[in-house]
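To start, the structure under review is shown below, and the notes come after it.
The values are calculated or read from the model by the stated rules, or taken from the named source; none is laboratory data. Nothing here was measured: the structure is a model prediction, and the numbers come from that model. Reconstructed Cβ throughout: ideal geometry from the backbone, glycine too, with neighbour counts over all protein chains shown.
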Amino acid sequence: MQMTMRWFGTGYDSVTLEQIRQVPGVSGIITTLYGTQPGEIWDKDAVTAMKQTVEAAGFAIAGIESVNIHDSIKTGSPDRDRYIDNYITTLSRLGEAGIHLICYNFMAIFDWTRSDLAKLRSDGATVMSYDQKLIDQIDPNSMFETMSAKSNGFALAGWEPERLARLKELFALYKGITAEKLRANLKYFLEAIMPVCDKYDINMAMHPDDPGWSVFGLVRIMKNKEDLLTMLHLVDNPHNGLTLCTGSLGTNPANDIPDIIRSVKDRIHFAHLRNLRHNGPGDFEESAHLSADGSLDMFAIVKALYDSGFNGPVRPDHGRAIWGEVSMPGYGLYDRALGISYLSGLLEAIEKGS
Ligand SMILES: [Mn+2]
């Protein structure tokens, strides 16, 4: 497994590549052209500049998170082919730049959702949390304002203000989109992009839904093992794969993550490793990465990945806000660096013990 860290780019991230260089064990960067809109063709010079910036700091780009999918593709609107063509052009430019991993999701309207971005824990740390009772009281049309209010002034990944300014329009667009329709649109998209993925050996790594159930009545198709297997069978090409995100799949206590890893193992291209703590049904908070601080058995998860032969990039995921650090929620340096040290220790013990 290759240890990586997510970095949003100069001007967008409070963390620098120079700081990441001092986190032991990190050899790759997961990044994106932050500020591009879903559906936009990525500028060739901007891709080159992104690559040069990362390489000048002594790293390689291990993958892109994310190249977001335009809503016309997800909803199967008449203009989807134009946006699929744009996506293919972006993929070919990334392929030309030697990039072989793309994380994306196929969630309706809202990327990840939380009811609080800074829930205070007893030790003074703050974490992102989700409580269905609180979400049920929020008008979905004001969800963008609710999320932005506690984002420390940072733009939130997947919460493009330009797109979410049209929320009413988006809800109308997704009206009548059933799981079957969303899956059919996903299959259409994947079949269209597989030739360019084959040409450049690009692994598409679809991220599961977060949380793993329907929010605001919107359809979800990546909630559990059955959904993941269905998605992989839609297009049986090894480049059609998954991001194994323990924090997202772990939102539902019924998901047995080591079992899921064993079931989909050959098609995991990327892993997000983090822990969370269940407080009750539909109520969880993100925790430190340690098994002892949350509800997930991180040892069993890393062991299952190791045993399945997974050799791709992994990264710590959202961290707590600690030691007074101000960052994009979940993406401070300190707690993710602690997470990397812990995950690296788990991995070394598993490797040497096998
Ligand atoms: Mn994730």
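How about the range 229-247: which of its residues are part of a helix (DSSP H, G or I), surrounded by fewer than 23 Cβ atoms within 10 Å (Cβ to Cβ) and of a type in the set (A, V, I, L, M, F, W, C)? Explain how you work it out, then say what you get.
Here is the first cut: in the range 229-247, the residues part of a helix (DSSP H, G or I) are 229-234, 246-247.
Among the residues that remain, those that are also surrounded by fewer than 23 Cβ atoms within 10 Å (Cβ to Cβ) are: 229-230, 232-234.
Correct list: Leu229, Leu232, Leu234.
Being away from the ligand (no atom under 11 Å from the Cβ), in contact with a Phe, Trp or Tyr (Cβ under 8 Å, 6 or more places away or on another chain) and among the polar types (S, T, N, Q) is the filter here; which residues of the range 212-250 pass it?
none
Would you mind telling me which numbered condition in (1) touching a residue at least 60 places away in the same chain (Cβ under 8 Å); (2) within 16 Å of the ligand (Cβ to nearest atom); (3) within 19 Å of Met206 (Cα to Cα) Val264 fails?
With (1) touching a residue at least 60 places away in the same chain (Cβ under 8 Å); (2) within 16 Å of the ligand (Cβ to nearest atom); (3) within 19 Å of Met206 (Cα to Cα) applied to Val264, the lone miss is (1).
Would you pick out the residues in the range 45-80 that are under 30 Å from Ala179 (Cβ atoms), in contact (Cβ under 8 Å) with a residue 40 or more places away in the chain and either over 20 Å from the mean Cα position of the chain (by Cα) or in a helix (DSSP H, G or I) (or both)?
If we filter the range 45-80 for residues that are under 30 Å from Ala179 (Cβ atoms), which is where we start, we get 63-80.
Now drop any that are not in contact (Cβ under 8 Å) with a residue 40 or more places away in the chain, which leaves 63, 65-66, 68-69, 71, 73-77, 80.
Of everything in the range 45-80, those that are under 30 Å from Ala179 (Cβ atoms), in contact (Cβ under 8 Å) with a residue 40 or more places away in the chain and either over 20 Å from the mean Cα position of the chain (by Cα) or in a helix (DSSP H, G or I) (or both) turn out to be Asp71, Ile73, Lys74, Thr75, Gly76, Ser77, Arg80.
Just give me the residues in the range 99-128 being out of contact with any Pro (no Cβ under 9 Å at 6 or more places or on another chain) and away from the ligand (no atom under 16 Å from the Cβ), in sequence order.
Ile99, His100, Ala108, Ser115, Asp116, Lys119, Leu120, Arg121, Ser122, Asp123, Gly124, Ala125
Here is a yes/no grid of residues against (1) under 28 Å from Tyr188 (Cβ atoms); (2) surrounded by fewer than 19 Cβ atoms within 10 Å (Cβ to Cβ); (3) in contact with a helix residue (DSSP H, G or I) (Cβ under 9 Å, 6 or more places away or on another chain):
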{"site": "Ile30", "(1), (2), (3)": "yes, no, no"}
{"site": "Tyr34", "(1), (2), (3)": "yes, yes, no"}
{"site": "Asp45", "(1), (2), (3)": "no, yes, no"}
{"site": "Ala49", "(1), (2), (3)": "no, yes, no"}
{"site": "Gln52", "(1), (2), (3)": "no, yes, no"}
{"site": "Ala60", "(1), (2), (3)": "no, yes, yes"}
{"site": "Gly63", "(1), (2), (3)": "yes, no, no"}
{"site": "His70", "(1), (2), (3)": "yes, no, yes"}
{"site": "Ser77", "(1), (2), (3)": "yes, yes, yes"}
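Starting from the range 307-329, keep only residues that are under 15 Å from Asp13 (Cβ atoms), then list their pairs with residues that are aromatic (Phe, Trp, Tyr) and modelled with pLDDT of 95 or more whose Cβ atoms are within a distance under 6 Å, requiring at least 6 positions of separation or different chains.
So the pair list comes out as Glu325/Tyr334.
Is one or more of the residues making up the range 189-201 under 28 Å from Gly330 (Cβ atoms), more than 16 Å from the ligand (Cβ to nearest atom) and at pLDDT 95 or above?
At the first step, the residues of the range 189-201 found to be under 28 Å from Gly330 (Cβ atoms) are 189.
Filter once more, keeping what is more than 16 Å from the ligand (Cβ to nearest atom): 189.
Applying the additional criterion that residues be at pLDDT 95 or above yields 189.
Yes; the residues of the range 189-201 include at least one that is under 28 Å from Gly330 (Cβ atoms), more than 16 Å from the ligand (Cβ to nearest atom) and at pLDDT 95 or above.
For the condition outside any loop (DSSP other than H, G, I, E, B) and surrounded by 18 or more Cβ atoms within 10 Å (Cβ to Cβ), what is the one hit in Lys133, Lys119?
On the way: Lys133 fails: surrounded by 18 or more Cβ atoms within 10 Å (Cβ to Cβ).
Only one candidate qualifies: Lys119.
Looking only at the range 172-181, which residues are touching a helix residue (DSSP H, G or I) at 6+ places or on another chain (Cβ under 7 Å) and either in a helix (DSSP H, G or I) or not aliphatic (A, V, I, L, M) (or both)?
Pass one, the range 172-181, residues touching a helix residue (DSSP H, G or I) at 6+ places or on another chain (Cβ under 7 Å): 173-174, 177.
Within the range 172-181, Leu173, Tyr174 meet the criteria.
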